[in-house]
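Single-structure report; data block below.
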Amino acid sequence: MPFKGLQDRVAIVTGAASGIGLATAQRLAQEGAKVALVDVDADRVEQAAGELGHGAIALAGDVSSEEDVARYFGEVTERFGRVASLHNNAGIGGMPVPLAETEMADFDRLVRINQRGVFLNLRQMVRVALEQGGGATIVNTASGTAFHGVPGLAAYAGTKAAILSFTRNAAVEYAKDGIRVNAVVPGPVGTPLFEAFPEEFQSGAETFNPQGRRGTPGEIAAVVAFLLSDESTYITGAAYAVDGGEGA
Ligand code: NAD
């Protein structure tokens, strides 16, 4: 049974050229949605949308650029008439580094893309939804690192904790406007971001995980699709752990 409400829904997925975003774009397309894939990697996002079919379109853009965000939301509205859903997902990881050795340039880059980028896209989706007058569903990608300390990930984890606050605040502020905002909280997931970590970091994460494994992008995408659909109409401001029990 397909998820209710996704047929013909216009959805933007950021960070859609790879990993979790690509899996969400695939899942939404399978559910009948009209998907706009956004990524800073122009070639890979073009290829991903082409392979997806189902009328999916590719938009190159940097989620942390106010101009780019306004432009790609405008292009989607022009193309499809409206935007009803957003998977606000693009993010970077970077090498684990002890807090005392963190370079501020690396900290600033994490904050710019993971935190400012998510805020800009959230703000734009809310603005567009209010203009359209028809509500919206939004899922922000946080991380289990927002809840528990992981040596080497302080700066990254801070950006992910901010995303949980954006989610809760936007959810209560716009609940009466029919806008639902939730977060997905992945544990370790087999994507290029995670697989760029040193081998011992990856195996350490799996040892720590109750299921003893990393998740698949599709396991995250299934929950995102549910939260974006009309199967979850009484859920807003929530943070859904998809982590093999890690946060339990
Ligand atoms: P990934 O590297 O496979 O995909 C991330 C995509 O985002 C890439 O295609 C990249 O080009 C794009 N991107 C990066 N910066 C961008 C920018 N400024 N503008 C537009 N696009 C940009 O990584 P992933 O694991 O699929 O990560 C997706 C999200 O999931 C991230 O927010 C990440 O923090 C989060 N997350 C991942 C894991 C994990 O273990 N993989 C765990 C928890 C949370």
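If the condition is being out of contact with any Pro (no Cβ under 9 Å at 6 or more places or on another chain) and more than 16 Å from the ligand (Cβ to nearest atom), then the stretch 28-52 contributes Ala29, Ala33, Lys34. Among the residues of the stretch 141-157, the ones that are of a type outside the set (Val, Ile, Thr), within 14 Å of the ligand (Cβ to nearest atom) and touching a Leu at 6+ places or on another chain (Cβ under 7 Å) come to 4 in all. Could you check, for the stretch 139-148, whether at least one of its residues is part of a helix (DSSP H, G or I) and among the aliphatic types (A, V, I, L, M)? Checked the stretch 139-148: at least one residue is part of a helix (DSSP H, G or I) and among the aliphatic types (A, V, I, L, M). Looking at this structure, is Gly204 over 17 Å from the mean Cα position of the chain (by Cα) and at pLDDT below 95? Against the criterion (over 17 Å from the mean Cα position of the chain (by Cα) and at pLDDT below 95), Gly204 qualifies. Please determine whether any residue of the stretch 176-186 is farther than 18 Å from Ala11 by Cβ, out of contact with any helix residue (DSSP H, G or I) (no Cβ under 6 Å at 6 or more places or on another chain), within 12 Å of the ligand (Cβ to nearest atom) and not β-branched (Val, Ile, Thr). Scanning the stretch 176-186 turns up no residue that is farther than 18 Å from Ala11 by Cβ, out of contact with any helix residue (DSSP H, G or I) (no Cβ under 6 Å at 6 or more places or on another chain), within 12 Å of the ligand (Cβ to nearest atom) and not β-branched (Val, Ile, Thr). For the stretch 120-137, a residue qualifies if it is without any contact (Cβ under 8 Å) to a residue 60 or more places away in the chain and surrounded by 19 or more Cβ atoms within 10 Å (Cβ to Cβ), and the qualifying residues are Leu120, Leu122, Gln124, Val126, Val128, Ala129, Ala136. With the structure loaded, tell me whether Ser165 is within 20 Å of Ile92 (Cβ to Cβ) and buried (at least 18 other Cβ atoms within 10 Å of the Cβ) or whether it fails that test. Here the answer is no, as Ser165 does not meet what is asked. Take the conditions surrounded by fewer than 22 Cβ atoms within 10 Å (Cβ to Cβ) and either modelled with pLDDT of 95 or more or within 12 Å of the ligand (Cβ to nearest atom) (or both) and apply them to Gly5. Does it pass? Yes.
From the list Ala25, Ala16, the one residue that fits, being among the small types (Gly, Ala, Ser), more than 10 Å from the ligand (Cβ to nearest atom) and either touching a residue at least 24 places away in the same chain (Cβ under 8 Å) or farther than 19 Å from Arg82 by Cβ (or both), is Ala25.
The values are calculated or read from the model by the stated rules, or taken from the named source; none is laboratory data. Fair warning: this is a prediction, and the values are worked out from it, not measured in the lab. Glycine also receives a Cβ, built like all others from the backbone with ideal geometry; neighbour counts cover every protein chain displayed.
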